[in-house]
């Protein structure tokens, strides 16, 4: 199997059309904005194919860094969707804290691009996106791969993982996390052994989120109406005497 720029462009156009359809349908921004953001990566990959493998090319370098930046801000939209699948009252109470944590995770992610190797060391070879020689988009086993000069801070993008997968489970959107993990990193790991290609494949497979959002019946299965943490907090409040 071999992917192409034309295929990525088709996915991007289809995804943006789906986002527009969801908006015109009257869906809240928490539903259609993440779709638009995720498929922008496919648009970026489509233009990257014009210079893929041309290491040292200015546009190759630019598109690769933009891809990393896109990845760093993904937790905002992952959680935007995650909070769309829980009780609205809970979402209203927690969203500013969730987004603040996503902002912190994005900053910690972007710090990896700083050429501060003397202070922070180099990334560990064999970890996602890591390169000690160059920043370049290349042809992987069947899709785009990214070699990126990263420092040793936030190794393994651990803060991204916490923001994208752990935080939604904490506030109750565990079904969304399970679905996202299945159509994202799990499928990517099955289709390529190259850890620097998996992020691009993950982004491609994550467009399956569109199928979840367009199909209202399927989407209803992802909603979580009760969560043990919130039941516990509510019961705890009832046992605490009112100071007044």
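Coordinate-derived values only; no laboratory data. Everything quoted here is computed from the prediction, not taken from an experiment. Virtual Cβ from ideal backbone geometry, glycine too; neighbours counted across all protein chains shown.
For the chain, the longest principal axis of the Cα atoms and the long axis of helix 88-110 meet at an angle of about 30 degrees. Counting only alpha carbon atoms, the long axis of helix 5-24 and the longest principal axis of the chain meet at about 20°.
Given their separation in residues at 0.36 nm each and the Cα-Cα distance between them, residue 104 and residue 54 gain 14.7 nm when the chain is fully extended.
Mind running the shape call on the range 95-176? Use the C-alpha gyration tensor, a ≥ b ≥ c as the square roots of the eigenvalues: rounded below 1.5 for a/c, prolate if a/b tops b/c, oblate otherwise. It is oblate, given that a/c is not under 1.5 and a/b is not larger than b/c. The ranking of 183, 35 by Cβ neighbour count inside 10 Å, starting from the fewest, reads 183, 35. Name the residue, out of 186, 73, 138, whose mean-square fluctuation peaks in a Gaussian network model built on the chain with Cα pairs under 10 Å. Judging by the Gaussian network model, the answer is 186. Reducing the range 166-235 and the range 1-26 to their Cα centroids gives an inter-centroid distance of 19 Å. By its C-alpha gyration tensor, with a ≥ b ≥ c as the square roots of the eigenvalues, how is the range 155-223 shaped: rounded for a/c under 1.5, else prolate for a/b larger than b/c, else oblate? Cα axes put the range 155-223 in the oblate bin.
Helix 58-84 versus the longest principal axis of the chain: what angle, 0 to 90°, nearest 10, using Cα atoms? Between the helix axis and the principal axis of the chain, the angle is about 10 degrees. Cβ-to-Cβ counts within 10 Å put 216, 64, 48, 207 in ascending order as 216, 207, 48, 64, the fewest first. Computed over the chain with a Gaussian network model linking Cα atoms closer than 10 Å, the most mobile of 142, 202, 159 is 142.
Across 100, 84, 46, mean-square fluctuation computed from a Gaussian network of the chain (C-alpha pairs under 10 Å connected) peaks at 100.
Coordinate range of the alpha-carbon atoms in the chain per principal axis, descending: 67, 46, 28 Å.
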